[in-house]
Amino acid sequence: MPILLLDKPSGITSFQALRECNNLFAFTKYGHGGTLDPKATGLLPIFIDHDTIFSKICLLSSKKYEVICHLGVSTTTYDTEGELIECESKNIEPSIDKILESLKIFTGSYNQLPPIYSAVKINGKRLYSIARTKKNETLKSLKVKPRPITIYSIDLLNYIYPFLNLQVVCSSGTYVRSLVNDLGNYLHCGAHVSTLRRLGVSCFNSKMYTLDQLSSCNQIDREALLIQTSDLISEQPHILLSDYQIKKLSNGQKISYHDLIDSDSYLENQEYLLASTRKKLVGFGLIQDQFLKPTRMISNHTYN
């Protein structure tokens, strides 16, 4: 049950990238581990067949990005796709000291407001769908809720006004576009994302491949580039189970906390990856009230 680490090109949606890969591999079922904006490039993990349930791992993992911010210009979408927004202080050129101060301010845990043009849902509808059909006055009345995020680090790579090059490590759910817009507001000059690239997801350390690289391979060589979900075990909190325990969980039964290997190391009310003693991933489970309860299991697990 493999995973493809795709280096998504700019100019296509994550779903379009999925379809391109399906044309090369002919997956029976597939899903990705976290949407990238159409203009963004970089790592898009694609989970194949039954491993699509493990895309949840990516959604919970930290991400690393490199972003070039264009200072002095704000847009409605916080990137190059939107309309320009006039800023009275757009000609202000922030000093390097002010830049470094702002990076410290926005490092840490806080509530972030997602962009209006984003995949966040309100009343079952994507925000970007609402934004494309509503007037500005209506958009301002939308009650978009801030979301808790964590910026683990922001490193300054280069600064030659108006371009600010940063490397950001952040939690799942963080919008780098919002971060850049907020930085621009703090610096009183406005800002938007010029280019954005996802460098990595914390649960993966393997090489990613472009569509051109994949299409130039024959089928055997192409499939050799896939990695296995079992490689995720060492990087994520997990519980090893016997075939008997896996069968019980697959039937919807729970297992006593004390019957688990290394039971003292597991935390109450935390969800874990579940794997066989042969390191084959089989699902997710929650430690609750001193029991391990199944939250989602692979239905086709084979028992020896």
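Could you check how many residues of the stretch 157-183 are closer than 25 Å to residue 5 by Cα and crowded, with 19+ Cβ neighbours inside 10 Å?
Adding up the residues that qualify gives 8.
Does the stretch 184-193 include one or more residues that are of a type in the set (A, V, I, L, M), crowded, with 16+ Cβ neighbours inside 10 Å and part of a loop (DSSP other than H, G, I, E, B)?
Yes: the stretch 184-193 contains one or more residues that are of a type in the set (A, V, I, L, M), crowded, with 16+ Cβ neighbours inside 10 Å and part of a loop (DSSP other than H, G, I, E, B).
If you take the residues of the stretch 156-183 that are in a strand (DSSP E or B) and not aliphatic (A, V, I, L, M), which of them is nearest to the chain's Cα centre (by Cα)?
170
Kindly indicate the residue of the stretch 141-155 that is in a strand (DSSP E or B) and of a type in the set (A, V, I, L, M, F, W, C) and also farthest from residue 110 (Cα to Cα) among those meeting that condition. Break it down into steps so the answer makes sense when it comes.
Narrowing the stretch 141-155 to residues in a strand (DSSP E or B): 147-155.
If we keep only those that are of a type in the set (A, V, I, L, M, F, W, C) too, we end up with 149, 151, 154.
Values: 149: 6, 151: 8, 154: 15 Å.
For the stretch 141-155, the residue satisfying everything is 154.
Starting from the stretch 151-162, take each residue that is farther than 15 Å from residue 102 by Cβ and list its partners that are surrounded by fewer than 13 Cβ atoms within 10 Å (Cβ to Cβ) and among the small types (Gly, Ala, Ser), counting only C-beta distances under 9 angstrom and pairs at least six apart or across chains.
Filtered contacts from the stretch 151-162: 152/108.
If we keep just the residues of the stretch 93-118 that are surrounded by fewer than 16 Cβ atoms within 10 Å (Cβ to Cβ) and in a loop (DSSP other than H, G, I, E, B), which is modelled with the highest pLDDT?
95
Do you know which residues across the stretch 47-91 are under 24 Å from residue 156 (Cβ atoms), modelled with pLDDT under 85 and of a type outside the set (S, T, N, Q)?
87, 90
The values are calculated or read from the model by the stated rules, or taken from the named source; none is laboratory data. Given the structure is predicted, the values throughout are model-derived calculations rather than measurements. Here Cβ is always computed from backbone atoms with ideal geometry, including for glycine, and neighbour counts include all displayed protein chains.
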